[in-house]
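The values are calculated or read from the model by the stated rules, or taken from the named source; none is laboratory data. Computed from a prediction, not measured in an experiment: that's the story for all the values here. Don't worry about glycine lacking a Cβ; one is built from the backbone with ideal geometry, like all the others, and counts go over all protein chains shown.
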Amino acid sequence: MKQLVFALCLTLVLLSCSRNPLKIKVSDVSVNVKIKHLDVDLLPLTRDQLKAAVPDLKKKYKEFFDIFTYQMIAIGGTDQENFPDLLWSFVSDSALIRKLVPAVAEKIDTLRLRKELEEAFRHYKYYLPQKEIPVIYTCISGLNQSVVLANQLIGVSLDKYLGASSPFYVRLGLPVYKRRNMNQDRMVPDMMYAWAGSEWPASDKSNSMLSQMIQEGKLMYFVDAMLPDLNDTLKMGYTKKQIDYCIKNEAAMWTFLAEHKLLFTTDRMNIKRFTDEGPYTSAFGQQSPSRTGIWIGWQIVRSYMKQHPEMKLSDLMAIQDSQLILNQSSYQP
């Protein structure tokens, strides 16, 4: 009986140690996530309907309409005399846009998108009750930007998440490492990561390898908090094999950065080697994933938060001193 009691107590201790503190109950948190679908309102219009609809579209979609026309499809604004003609050229593009519409309808589940966003923003309001939830805008951009941001809005191009095997991406010649993350599983993580970056931008002084690693690590920890049930592979955009590589080689990668005095380098090209997207990290060979510097920064921030369980998420995101986070993280890969 004593052995049984001891075994049960040990199990409970191990479970409590391995429990993810970010997995919290948020079902009672009320959120009102507004999602507006520019693609639904714009793309079915005929030429005559479109010209008459432009003022209403601009009124309904406000700042996002200008972001869409100026930034995403690059046709300028409504003050141009030929704006309706330019917009119609985009809408009526039979070689791309007209083919993207049924592809998006087939591959993108907007009800699922709403459900996932509501769950993420329940966590957002739990941790940051004083902050407003941004309005979400969807569009078809002709394979342009995936996520755009502005004051209290997130825009997402649904046509950038059609799946790795999408013929649109294959015809563009996009490499496999890019196409692998162009699926709906990645849509909400991309949106939450981008939103964190806009709410807590890097300091102007964050120009060293370490400061960028920690900044990215904080953004990834924010995604942890918003989507605690999501697998790390989807948060990071890695395969399981790539995650396993990072776990197995974490100490060796950290030692490499330290021994080669890279943590405090401000050389932009050196930093990009460890933080930019690509097929792999050149310093670690073709078996490694890219962005290993970001992955290590994420683990440092996770370690820091384990050492400071009382710290609020907002306080973490506000810290600009990357050296402080490293020093107080007890990070020992």
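One line per residue, one yes/no per condition, for (1) in a loop (DSSP other than H, G, I, E, B); (2) crowded, with 19+ Cβ neighbours inside 10 Å; (3) of a type in the set (D, E, K, R):
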{"position": "277", "(1), (2), (3)": "yes, no, yes"}
{"position": "305", "(1), (2), (3)": "no, yes, no"}
{"position": "323", "(1), (2), (3)": "no, no, no"}
{"position": "326", "(1), (2), (3)": "no, yes, no"}
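Can you work out which of the residues in the range 60-108 that are polar (S, T, N, Q) and part of a helix (DSSP H, G or I) is farthest from the chain's Cα centre (by Cα)?
Going through the range 60-108, the residues polar (S, T, N, Q) turn out to be 69, 71, 78, 80, 82, 89, 92, 94.
Filter once more, so that each one left must be part of a helix (DSSP H, G or I): 69, 71, 89.
On the way: 69: 23, 71: 19, 89: 31 Å.
Of everything passing the filter in the range 60-108, 89 is farthest from the chain's Cα centre (by Cα).
With the structure loaded, tell me whether residue 309 is surrounded by fewer than 16 Cβ atoms within 10 Å (Cβ to Cβ) and touching a residue at least 40 places away in the same chain (Cβ under 8 Å) or whether it fails that test.
yes
I'd like to check something: does the range 95-102 contain any residue that is modelled with pLDDT of 95 or more and in contact with a His (Cβ under 9 Å, 6 or more places away or on another chain)?
Within the range 95-102, the subset modelled with pLDDT of 95 or more is 95-102.
Restricting the remaining residues to those that are in contact with a His (Cβ under 9 Å, 6 or more places away or on another chain) gives none.
Within the range 95-102, not a single residue is modelled with pLDDT of 95 or more and in contact with a His (Cβ under 9 Å, 6 or more places away or on another chain).
Which one is farthest from the chain's Cα centre (by Cα) among residues in the range 16-46 that are of a type in the set (Val, Ile, Thr) and not in a helix (DSSP H, G or I)? Even if it seems obvious, please write down each step before you answer.
First pass over the range 16-46, keeping only residues of a type in the set (Val, Ile, Thr): 24, 26, 29, 31, 33, 35, 40, 46.
Narrowing the set further to residues that are not in a helix (DSSP H, G or I) leaves 24, 26, 29, 31, 33, 35, 46.
Working: 24: 21, 26: 21, 29: 23, 31: 20, 33: 18, 35: 18, 46: 35 Å.
Out of the qualifying residues, it is 46.
Within the range 199-211, how many residues turn out to be in a helix (DSSP H, G or I) and surrounded by fewer than 17 Cβ atoms within 10 Å (Cβ to Cβ)?
So the first thing to find is which residues in the range 199-211 are in a helix (DSSP H, G or I), and the list is 199, 209-211.
When the remaining residues are screened for being surrounded by fewer than 17 Cβ atoms within 10 Å (Cβ to Cβ), the result is 199.
Going through the range 199-211 one residue at a time, the tally reaches 1.
Within the range 54-62, is there a residue that is touching a helix residue (DSSP H, G or I) at 6+ places or on another chain (Cβ under 7 Å) and touching a residue at least 60 places away in the same chain (Cβ under 8 Å)?
For the range 54-62, residues touching a helix residue (DSSP H, G or I) at 6+ places or on another chain (Cβ under 7 Å) and touching a residue at least 60 places away in the same chain (Cβ under 8 Å): present.
Mind checking whether some residue in the range 284-298 is outside any loop (DSSP other than H, G, I, E, B) and surrounded by fewer than 19 Cβ atoms within 10 Å (Cβ to Cβ)? Show your work before the answer.
Step one: list which residues in the range 284-298 are outside any loop (DSSP other than H, G, I, E, B), which gives 284, 292-298.
Checking the rest, the ones that are also surrounded by fewer than 19 Cβ atoms within 10 Å (Cβ to Cβ) come to none.
Within the range 284-298 (the criterion being outside any loop (DSSP other than H, G, I, E, B) and surrounded by fewer than 19 Cβ atoms within 10 Å (Cβ to Cβ)), the answer is no, since none of the residues qualifies.
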